[in-house]
Each structure stands twice: as C-alpha cells, then as structure tokens.
Amino acid sequence: MDKLTIQKELLKMFGPDRLLSDELDLMYYSYDSSFLTKLESTSPYAVVFPKSTEDVQQILRFAWANHVNVIPRGAGTGETGGCVAVEGGIVLDLSQWNQIVDIDQKNMQVVVRPGVIHAELNNELAKYNLFFPPDPGSSLMCTIGGMVANNASGLRAVKYGTTEQYVLGLEVVVPNGDVMITGGMKSRAIKNVSGLNLTKLMVGSEGVLGVITKIRLRCFPKPRARGIALAVFDNLDDAPATVLDVYQAGILPSGIEILDGSAIKAVNEFKPHIQLPDAEAILLFEVDGNPPSVEFEGNVIREMAGKRARSVEWSTDPQRMAKLWEGRSVTAAAASRVRPDGSRIFAGEDISVPLSRVADVLRAIRELGRKYGIQVVNYGHIGDGNVHTAPVINPENPEEVEKVLQLVDEIHLLAIEMEGTTTGEHGVGAVRRRYAPLEHGLAHEYMLKTKQAFDPKGIMNPGKLI
Amino acid sequence: MEFKELPPVKEQLMKCVRCGKCRSVCPVFSEIGNETVAPRGHVFMVQMLRDGIVAPEQKVYDHLTNCLMCETCSVNCPSGIDIHELNAAARSYIYEHNPNLAKDLIFDTMWTNPAYLKNVVRMIWGAQASGAQSLGRKLGLTKLLPGDMPKAEKILTDIPWRSARSQLPAVSPAIGKKKFTVGYFLGCATDLLNPEVAKATVAVLTRNGCEVVIPPGTKCCGLPQIANGKMSTAQRLAIDNIEAFQKYDFDYIITDCASCSSALAVKNMELLLGTTEYREQARAFSAKVMDLTYFLIHVLDIHPPANDKAPRVRVTYHDPCHLANAQGIKDEPRELLRRIPGVELVEMKDANRCCGGSGTFSLTHYDLSMQILDKKMENIGATGADLVATCCPSCMMQLRHGVSRQGLHARLVHPVQLLSQAYEDQD
Ligand SMILES: Cc1cc2nc3c(=O)[nH]c(=O)nc-3n(C[C@H](O)[C@H](O)[C@H](O)COP(=O)(O)OP(=O)(O)OC[C@H]3O[C@@H](n4cnc5c(N)ncnc54)[C@H](O)[C@@H]3O)c2cc1C
C-alpha cells in the first residue's frame, strides 16, 4: 500500500488531530537520541497518537491486512534508533497515553499506560512511600513503555536489578491486532511460575513482537536513609579490586560508579568548582536502607576502600552527598564540553563486561582512542560492569565520523571478546543488530523463530534487535 | 548577518545529541506533547534549514514559532546549547525570504519608535474609553485583525492615557547625597502600559541617592523584533540604544523590565553585535546594564524603613523567564519583597514556569497561551495571595488577563511599586 493511501486511511480512522502526515511534521519523527539517526534520518509514513488499546488494535489490524510496518515509540530517548521507521511505516507515538491506571498500595503494585514518564511515576508513588527502582539517566523524559521495551535500568541496577524484575504482567497488542495479557489474565500475584514466561520475553523485545499497552509493575518501599562514599585511586586496577572487596565483605551497595582519568578531567574542565581529585579513577558508592544499616555499610566500605585508595570520604549529610555525587551527575554533559568544537556522541556507549575485565576494557578503550586519534571519556556503572564510553568528535566532520564508526565497531567487538556484551542497558535497535549472530550464535536463530511465531508478516518494528 | 555564520548556528548546532531533556521542561511541549514542538525538534529543524534540506518557507517558520522563547530549555540543556538563540536566528533567516509588509510596518516602524507606538496605544485607549472596543467586538470588526489578534485583543486591558515619559522629567535629581548617576532604560511597555511602575522606579532610585536620567532617543530593546524574525531590526535598535546612552557617563544603566534587561545584557548583545564593528561598544554598554531589583539589593542594599502599622499583604512572586532564565535573577526580587514592611511572601508552585505571555506569543498563539496561563493561574490561586508581584510588563499583562479570566481578586504589581509605597507611607 502506498504512503498516500495509508495516510488517507489513517485519517479516516483517527481524524486530523491524532495524526501527522505532513512531510515537515514527519521529519521530526526521524530521530531519537542515537548518533545513527543524526547521520541518516528516515521519516515515517505517518504518526498516530493512540489513546486506547482499541486504537492500537485498529492500527495493527489495518497494518496487518495491508503489510505496513508499525513502529512503537515512547519519548524517543533511545540510543539505538529503535523507535525510528528505518524501513518505513507508521509510528505510534505512545507518549501522550500516560495514565496511571491504578496504584494498588495494598499489594505494592501499580498499573500504568505506556506513556507515563518514569520520574512522574516515582513522584506519584512517593506519596504512598513506594518507588519503582530502575532509574535510567533519562528518568525525566523516558516512558515506562520504552523502559519495558528496552529493559532499561540505571545506576542502582547493582542492587535493584533491571526493569524486568518489576514487570509482573503486560497487556500487549500483537501484530495481527489480538490483545494478549501476560502474567495471568486475572493475576495480581507477585510470585508466578505458571506457563511460559511471556512477560520476560516481551520485556526487552524493543517493539519487534507487539505493542505494550498496559503494564503492571511491582513497587518497593522507599528506603529511609542514604549514604555516599567517594574513593580516589592512583592505580586503575585498584578500583575493580575494591568493588570486589566490598562485595566480599557482604555489602551490596545500591550504586557503584566509576569515573576514569578522562572523565575526571572532563568534569573538572566543565565545572572547576567541583574539584575532583586528579587520579586514575574515582569510585562512588551509594548505600541505602535504614539509618543504622547505612551507617554500618558505610563503615565497611570505608574500611575496604581504605586498603587501596589514596583517600576515602563518607557522608550521610544531604548537602555533602549532593556535592560528592555532582561529579557523576554532570559527567555525561561534561564529556561534550571537553572540546569546544566537538560533541560527545552516543555510539558504542553501553558495553558491559564482567567485573574482572573492567580495568582491562578501560585500558583497551583508551588505547583505541589513541589509535584513532579520538578523545574518549569513560564512566559507568562499574558495580555491574556497564561502561559508558563517550567519544568526543566534531560530528559534522566526515573524516572524524568515519574514524569514530570504526572505533565504535572495535569497542563492540572488544566487549564480546572480553566475555561481555555490546549493550548493558540501552539496547540493540538498529545500531547493534549486526552483532546479534556473533553474540548469540544458535540462540539468534531461535530468536528469529520466536519473532516469526508472533509476526510472520514481519511488520513489527523491522530492522531492529535481531 | 549570515545565518550559517551566526555563532550559535556555527558552533552549537552540532552539539545537540537529542537527549530530549528539553521535552521534560518545555511549557509548550507539556501542552501539545508531540515532537514537532519539542525544543530538540526545533534544533533539528534549524539544522535542516542550515543544511538546505528544508527551504526557508513560512511553514517552517510557523513550526519554529511554537515556542515561547522562555529559555527554559536553554538553561536546562546538558550540552549547553542556547536553543532560543538558534530558534531566533532561524526565524530571521526564514523571514528574510518571506517578508511581510504588515509585519515590517509593525516591527520596523511602529514598534521601534516610542512616538509612533504611543499613537497606536492611544488609538486603542480611545477605542476602549469610548466603548468602541466592545462595539467593535459586537459588530465583529475586531475579527478583521490578523491571526489570533481578534481573540487576543482582550489581553490589552485598561491602557492608561498618559505615558510615563510624559509624566517624568528627563533628569530627576538624587534626594540627599548623590551616590550614582543612573541611566534609566524606560522600556516601551512600562512607558505606555505601566507608567506607575516607571514612576515608582524613579522615586525609589532618587530617594536612595541616584540621579536618574531618561535619555532621549532610546528605542525599543529589540526583543519583540528578535522573536518575530526581525533580527536585523533588533541589531539596528541595539546600535541606536548604545548611541543614545553613550552620550552620558552613567555609572549604571537600570531597567525595571525583565525583557529589556535581558535584551540589553551581554549575552543577547553578543548575539546581535558580537561579530560586528560595534562589538566593543556593545560590551561596554552591556557591562553597565543591570536589572533594577539586582541593583537595589547588591549595589544600593536598600532597607525601607520599618513600619509596624504597615497593613499585612500576602504577596506571591512570579519569575519572568527573561529574568530567571535569561539572567539567573531569582533571589533578588524576593529578597526585596521580604524587606518591605507588611509583606508576607508566599511561594506559588512552579513560580519559575512561563505564564504563556512571552511578549507577542499571547497575541499570535492565543489559545495555547491561555492553556499555559491557566496552569499558572491555578498555582497563583492556590496561594490565596492578595498581590501577584513580577518584574516584567508582558507577564503583568498576561497575568492580569488570567486574574480576570478566573475571576480572582489578586492585583498585579512590580515589587518596586510596593517599595515606593512603603517609602510614601513613612512620609
Ligand atoms: C541522556 C540519556 C540517558 C540515558 N540513560 C539510560 C540509563 O541509565 N539506562 C537505560 O537503560 N537507558 C538509558 N537511556 C536510554 C533510553 O532512555 C531508555 O532506553 C528508555 O527506556 C527509552 O524510553 P523511551 O520512552 O524514550 O523509548 P523510545 O526511545 O521511544 O523507544 C525505545 C524502544 O522501545 C520501543 N517501544 C517504546 N514504547 C513501546 C511500547 N509501548 N511497546 C512496544 N515497544 C515500545 C521502541 O520501538 C524502541 O525500540 C538514556 C538515554 C538518554 C538520552
């Protein structure tokens, strides 16, 4: 079916207020936060704003009957081009469908529509002393639907895990327009092992199996206290070794972040008042819980880190904690500013390796940066081996772009070689799809078969994930 | 000014990683909710224009003007991009390719010269006073006005007959020992719509040892022109203003209008004149420019006399975007209010969120502007304040309209009016 006919049909179904079909309007849907879509942008045929499960069904039935691609989209903060119609199609902008359907305080659960913003959900839950623990850096803008589809996580994944641990059930419109409920049609149970676990299959499926239209999440009680430790290292290897020491002392911090020398330099150049110590690496530990346990864990961390670190500072004072954490919170932005005529790019930004290889990987990335003559800023969630690499280039210089793409490719291959993965939390989308056979071998073929079972016509978000 | 060579276009455009943080703070996005109005969407479109992928057409201009220029995105951008400057630059670029006679008349002539503007305002006053406005409304004549103007003319309420300029002397001597000679940049809107604010400004400054000079020949600050795609007119106005003020040896150049001070401040002057031969003059001029509340707190450190008998009033303060976002001035107006006897300052929720007025935005995008205003008014209403204080005539006009839309009883004031009253009460 041609684009104009698709637009006409959608106009009949949704009217002009819930449809974009003007060429100029459609251009705004040619990107997300990935570097890929800065380089090549493709506009969809149309953008629709569904507000009910029936809306989504209607679109999918139409698309199914006419072999038209459908691409779900949350806030478009993905780093992989996941929500972009790389092979054409209809984009469903779900970000306006943002109702919190039910806060079930008695069962510590919440039911939401896909467009609810992460930070807004937690603001609401806080009124009930609850929270939804995964905490992506994009909390202020990303949608819960996008988080579920990407199995997003964040700084506190070390202790609280990723989105999948919290999704108890989903309503999904599958490609032929049927509505499937996973996790039990009527279930509100927290533990549930009945049936094949389709909830887990859907979490992280990046929109290639269906459109997530309702989400039942488990919530946790909000911890009452927090503390932060900053440890400074002259030797890079001492940082992961200290993380291991802390774990072995029986402590599971809620977050463990690393900034290597490149990130420290970037932060100090960007915000000189922060005055991070000049070092090979710093580690930030966050612990949460009840005040006595926080104090206890803080003491253990101080003791463990003290064995190798040049200095350790521990604080539970909110102002001091904010100050200690400031270095980490500005790192992503600081990276962009290390070069006045450049910008950090989101590519090769999310590898994840075992703790035992973190130091090796950081060194290897530095070496690769030197090889290609590209400044690279490294930071990340060392607690779970997730390293964020920020190459800084002039993104409008074709030579630099070509070089950085080679660099990024090498970083991805390095991650696989070091017993890790190309992506710890940001997902695969269109940018990392080509590594799928290498990463998964035979399992990749079974992934394709699974896709075939759900979507034999291949209309759901083609060109992504697998 | 070549569009592609403008510093924000040349240096900042490439820094956008489209992280989308701007989506979470933009008042327009929060109403419309689709990517075509997201600030990063505007940045993207500016890039498309620069690269020649889209042509400088009116349609693109209309997209870019779905933006209040409130600068909230710019202050929150992790990559430090002045998104509003990119947007302004693009509007001008497109406008150059799509000139419009009516707009030229408004922004190149009427709104640059206070005398002309005064006549326009007088015509409106005449219409209001004679009842012709309501007659016009009944007959549907106001519908002949362009764009959203027929709806928006409701915003222009209670226009005073006499401008501030016609009531104030060119030089007002300091009372008591003179500390400073101050050039008063009397903005168009304060002059014509809020003369009481201007009188209060002069009264408070002179009483605190300032000789206040209102230089003749000053023009509009240029902000309305920038927002309406007329950057080159704004540039010309900036030069005229610099020349009008550099004839004197002022210690400071003070303005009570947030929009004017932001237009005359270093950042904006740099955008307009940073690549021209006027650069140094512009810098010297801007170095002296200061917002009134900042001046009263940090330079004069004024403390109005204690007065136990001062009636207690609940005051809430609304942050004008051009003061809070463009200049980071948030504490000073509040501190000033706290120093006034009888004032009880109650914070509203989201005081630093745009009221939707934004100069000409409420005239060109009336319905959207009202949606944004309604949120603001809800927060104002919740404070139970008797007075709403703010430092920008555009916000005042918009909020006054909001007060009447919602049937509230709060009155709009500039903090300096309360201050001036406090001094008078003492006399
Ligand atoms: C500054 C910044 C920081 C970030 N930090 C983190 C981080 O710490 N941790 C992390 O995990 N990620 C992070 N991300 C990546 C991104 O924000 C997350 O992956 C987020 O979950 C994406 O949500 P979204 O609503 O923007 O989804 P989109 O980008 O719109 O979509 C992402 C994918 O999900 C699919 N999708 C979206 N909604 C649905 C739905 N309802 N049904 C089916 N499929 C759907 C899309 O098709 C696409 O494949 C960051 C991004 C930025 C820009």
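Which count do you get for residues in the stretch A:246-267 that are open to solvent by less than 70 Å² (accessible area, probe 1.4 Å) and touching a helix residue (DSSP H, G or I) at 6+ places or on another chain (Cβ under 7 Å)?
Here is the first cut: in the stretch A:246-267, the residues open to solvent by less than 70 Å² (accessible area, probe 1.4 Å) are A:246-247, A:249-251, A:253-264, A:266-267.
In the following step, the residues that additionally are touching a helix residue (DSSP H, G or I) at 6+ places or on another chain (Cβ under 7 Å) were identified as A:246, A:249, A:251, A:253-260, A:263, A:266-267.
Total meeting the criteria: 14.
From A:ALA347, A:ALA332, A:ALA305, which residue is in contact with a helix residue (DSSP H, G or I) (Cβ under 7 Å, 6 or more places away or on another chain), surrounded by 22 or more Cβ atoms within 10 Å (Cβ to Cβ) and more than 19 Å from A:PHE233 (Cβ to Cβ)? Even if it seems obvious, please write down each step before you answer.
Working: A:ALA332 fails: in contact with a helix residue (DSSP H, G or I) (Cβ under 7 Å, 6 or more places away or on another chain); A:ALA305 fails: more than 19 Å from A:PHE233 (Cβ to Cβ).
The conditions single out A:ALA347.
The conditions are (1) more than 11 Å from chain B (Cβ to nearest Cβ); (2) crowded, with 20+ Cβ neighbours inside 10 Å; (3) aromatic (Phe, Trp, Tyr); (4) out of contact with any Ser or Thr (no Cβ under 9 Å at 6 or more places or on another chain), and A:PHE35 fails exactly one of them. Which is it?
For A:PHE35, the exception is condition (1).
Among the residues that make up the stretch B:338-345, is at least one of them of a type in the set (Lys, Arg), surrounded by fewer than 24 Cβ atoms within 10 Å (Cβ to Cβ), without any contact (Cβ under 8 Å) to a residue 12 or more places away in the chain and closer than 23 Å to B:ARG400 by Cα?
The answer is yes; a qualifying residue exists.
Checking the conditions here, which among A:GLY115, A:GLY207 is within 23 Å of A:LEU92 (Cα to Cα) and either at pLDDT below 95 or within 14 Å of chain B (Cβ to nearest Cβ) (or both)?
Numbers: A:GLY207 fails: either at pLDDT below 95 or within 14 Å of chain B (Cβ to nearest Cβ) (or both).
One residue alone meets the criteria, A:GLY115.
With within 14 Å of another protein chain (Cβ to nearest Cβ) and either in contact (Cβ under 8 Å) with a residue 60 or more places away in the chain or touching a strand residue (DSSP E or B) at 6+ places or on another chain (Cβ under 9 Å) (or both) as the only criterion, which of A:HIS388, A:HIS412 stands out?
Answer to the selection: A:HIS388.
Are there any pairs, at least 6 apart or on different chains, whose C-beta atoms fall under 7 Å, with the first in the stretch B:173-188 and among the aliphatic types (A, V, I, L, M) and the second open to solvent by 20 Å² or more (accessible area, probe 1.4 Å) and at pLDDT below 95, and if so, which?
Filtered contacts from the stretch B:173-188: B:LEU186/B:ARG165.
Take the conditions loosely packed, with under 14 Cβ neighbours inside 10 Å and within 23 Å of B:GLY384 (Cβ to Cβ) and apply them to B:ARG334. Does it pass?
No; evaluated as a whole, the condition is false for this residue.
On the given criteria, is A:SER41 within 13 Å of another protein chain (Cβ to nearest Cβ) and at pLDDT below 95?
Here the answer is yes, as A:SER41 does meet what is asked.
Which one is nearest to the ligand (Cβ to nearest atom), of the residues in the stretch A:120-131 that are within 14 Å of another protein chain (Cβ to nearest Cβ) and surrounded by fewer than 22 Cβ atoms within 10 Å (Cβ to Cβ)?
Checking each candidate, the answer is A:GLU120.
Identify all residues within the stretch B:33-59 that are within 11 Å of another protein chain (Cβ to nearest Cβ), open to solvent by less than 20 Å² (accessible area, probe 1.4 Å) and out of contact with any strand residue (DSSP E or B) (no Cβ under 8 Å at 6 or more places or on another chain); write none if there are none.
B:GLY33, B:VAL37, B:ALA38, B:ARG40, B:GLY41, B:HIS42, B:VAL43, B:PHE44, B:MET45, B:MET48, B:VAL54 - these are the residues of the stretch B:33-59 that are within 11 Å of another protein chain (Cβ to nearest Cβ), open to solvent by less than 20 Å² (accessible area, probe 1.4 Å) and out of contact with any strand residue (DSSP E or B) (no Cβ under 8 Å at 6 or more places or on another chain).
Read through the list (1) under 22 Å from the mean Cα position of the chain (by Cα); (2) more than 10 Å from chain A (Cβ to nearest Cβ), then give the number of the only condition that B:VAL25 fails.
Here B:VAL25 meets the rest and fails (2).
Go through the residues of the stretch A:437-445 one by one and say whether even a single one is within 30 Å of A:ARG61 (Cβ to Cβ), within 16 Å of the ligand (Cβ to nearest atom) and either within 14 Å of chain B (Cβ to nearest Cβ) or part of a helix (DSSP H, G or I) (or both).
no
State yes or no: is A:ASN378 of a type outside the set (Lys, Arg), in contact with an Asp or Glu (Cβ under 8 Å, 6 or more places away or on another chain) and closer than 30 Å to A:MET180 by Cα?
When the stated conditions are applied, A:ASN378 does not pass them.
Does A:ALA359 fit the bill of being more than 16 Å from the ligand (Cβ to nearest atom) and either closer than 19 Å to A:GLU257 by Cβ or at pLDDT below 95 (or both)?
Against the criterion (more than 16 Å from the ligand (Cβ to nearest atom) and either closer than 19 Å to A:GLU257 by Cβ or at pLDDT below 95 (or both)), A:ALA359 qualifies.
Across the stretch A:195-248, what is the total count of residues that are in contact with a Gly (Cβ under 9 Å, 6 or more places away or on another chain) and of a type in the set (S, T, N, Q)?
Number of matching residues: 3.
Restricting attention to the stretch A:97-112, which residues are within 14 Å of chain B (Cβ to nearest Cβ) and within 12 Å of the ligand (Cβ to nearest atom)?
Step one: of the stretch A:97-112, the residues within 14 Å of chain B (Cβ to nearest Cβ) are A:97-99.
Hits for the stretch A:97-112 are A:TRP97, A:ASN98.
Would you please name the residue that is farthest from the other protein chains (Cβ to nearest Cβ), looking only at residues in the stretch B:60-87 that are more than 25 Å from B:GLY357 (Cβ to Cβ) and open to solvent by 30 Å² or more (accessible area, probe 1.4 Å)?
Only one residue tops the list, namely B:GLY80.
Could you tell me whether A:GLU54 is under 17 Å from A:ARG432 (Cβ atoms) and open to solvent by 10 Å² or more (accessible area, probe 1.4 Å)?
Criteria not met by A:GLU54.
Condition check: open to solvent by 20 Å² or more (accessible area, probe 1.4 Å) and facing chain A (nearest Cβ under 8 Å). Does B:SER30 satisfy that?
In short, no.
Would you check which residues across the stretch A:44-95 are more than 12 Å from chain B (Cβ to nearest Cβ), under 26 Å from the mean Cα position of the chain (by Cα) and within 13 Å of A:PRO462 (Cα to Cα) and list them?
A:ASN69, A:VAL70, A:ILE71, A:PRO72, A:GLY82, A:ALA85, A:VAL86, A:GLU87, A:GLY88, A:GLY89, A:ILE90
When A:ALA63 is evaluated against the numbered criteria (1) open to solvent by less than 20 Å² (accessible area, probe 1.4 Å); (2) within 11 Å of the ligand (Cβ to nearest atom), which criterion, by number, is the only one it fails?
For A:ALA63, the exception is condition (2).
Per-residue answers, yes or no, for (1) over 18 Å from the mean Cα position of the chain (by Cα); (2) within 13 Å of the ligand (Cβ to nearest atom):
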{"position": "A:GLY115", "(1), (2)": "no, yes"}
{"position": "A:HIS118", "(1), (2)": "no, yes"}
{"position": "A:PRO133", "(1), (2)": "no, yes"}
{"position": "A:GLY137", "(1), (2)": "no, yes"}
{"position": "A:THR143", "(1), (2)": "no, yes"}
{"position": "A:ASN150", "(1), (2)": "no, yes"}
{"position": "A:LYS159", "(1), (2)": "no, no"}
{"position": "A:GLN165", "(1), (2)": "no, no"}
{"position": "A:GLU171", "(1), (2)": "yes, yes"}
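Out of A:LEU168, A:LEU140, I need the residue that is aliphatic (A, V, I, L, M), within 14 Å of chain B (Cβ to nearest Cβ) and surrounded by fewer than 24 Cβ atoms within 10 Å (Cβ to Cβ). Which one?
None of the other options fit; the residue is A:LEU140.
Only one of these is more than 13 Å from every other protein chain (Cβ to nearest Cβ), hydrophobic (A, V, I, L, M, F, W, C) and free of Cβ contacts under 8 Å to residues at least 60 places away in the same chain: A:MET13, A:MET27, A:MET1. Name it.
Within the list A:MET13, A:MET27, A:MET1, the selection yields A:MET13.
Test of understanding: among A:ARG337, A:ARG363, A:ARG320, A:ARG357, which residue is within 14 Å of chain B (Cβ to nearest Cβ) and open to solvent by 30 Å² or more (accessible area, probe 1.4 Å)?
Criteria check complete, one pass: A:ARG337.
For the stretch A:390-412, indicate whether the set of residues that are outside any helix (DSSP H, G or I) and within 18 Å of the chain's Cα centre (by Cα) is non-empty. If you could, list the steps in order and put the result at the bottom.
If we filter the stretch A:390-412 for residues that are outside any helix (DSSP H, G or I), which is where we start, we get A:390-397.
Now restrict to residues that are within 18 Å of the chain's Cα centre (by Cα): A:390.
Yes.
The values are calculated or read from the model by the stated rules, or taken from the named source; none is laboratory data. Fair warning: this is a prediction, and the values are worked out from it, not measured in the lab. Quick reminder, even Gly has a Cβ in these numbers, built from the backbone with ideal geometry, and neighbours come from all protein chains shown. Side chains included, ligands, DNA and RNA excluded: accessible areas come from the protein's heavy atoms. Shrake-Rupley method; radii C 1.70, N 1.55, O 1.52, S 1.80 Å.
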